[in-house]
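Below is one structure, written out as structure tokens, with a few remarks after it.
The values are calculated or read from the model by the stated rules, or taken from the named source; none is laboratory data. Please read all numbers here as calculations on a predicted model, not as lab measurements. Cβ sites come from the backbone with ideal geometry, for glycine too, and all protein chains shown count toward neighbours.
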Amino acid sequence: MTPTLINHILAVYDAMEAEAVDVEENRLYIGSLSTLVRSIASTTYYAEITRSLYDGGYVALLDRGGRSKPSTLLLLRRPQEDELSALTFEPDTPILSLINRMERLESNIGGVDVKKEVSDMKVMLRKIEERLELDGKAT
């Protein structure tokens, strides 16, 4: 990835952050992403910028906009230059991209085994429900 593209990606993210609103503890950019990109870089960079932001796990598209409807993007975290330099877009590397996304996801949840935790919570909930039934019958 070229330094110019990295600078454009960072500038677009910063511009989204500057215009973002807080909704239920989330930072949302609501607006025309194509207009925003055009104001910062040439439209020839649009696909590479948006792909980098999505594939890198920096933003998530919640609602795709159109001519008269704004897009809604969830801002997850600001990209770092070294992370952007490591992103690759070769057609034969989707597995590497998926592995990188999984590693970021795992690091974001702090190594918690979500499936096990949900299972444990279900067991505890059943015990509480059983206890409440017993207490209800005893009175």
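Points to keep in mind about this one:
- Restricting the range 35-53 to residues that are of a type in the set (A, V, I, L, M, F, W, C) and part of a helix (DSSP H, G or I), the residue that is surrounded by the most Cβ atoms within 10 Å (Cβ to Cβ): L53
- Residues located in the range 63-90, provided they are assigned to a strand (DSSP E or B), touching a Lys or Arg at 6+ places or on another chain (Cβ under 9 Å) and of a type outside the set (V, I, T): D63, S71, L74, L75
- Lone qualifier among L96, L125, L76 - being modelled with pLDDT under 80 and over 19 Å from T4 (Cα atoms): L96
- Residue in the range 23-34 that is of a type in the set (S, T, Y), free of Cβ contacts under 8 Å to residues at least 12 places away in the same chain and outside any loop (DSSP other than H, G, I, E, B) present: no
- Residue list for the range 11-22, filter: closer than 18 Å to D63 by Cβ and either of a type in the set (S, T, Y) or part of a strand (DSSP E or B) (or both): V21, D22
- Test result for A60, assigned to a helix (DSSP H, G or I), among the hydrophobic types (A, V, I, L, M, F, W, C) and at pLDDT 85 or above: no
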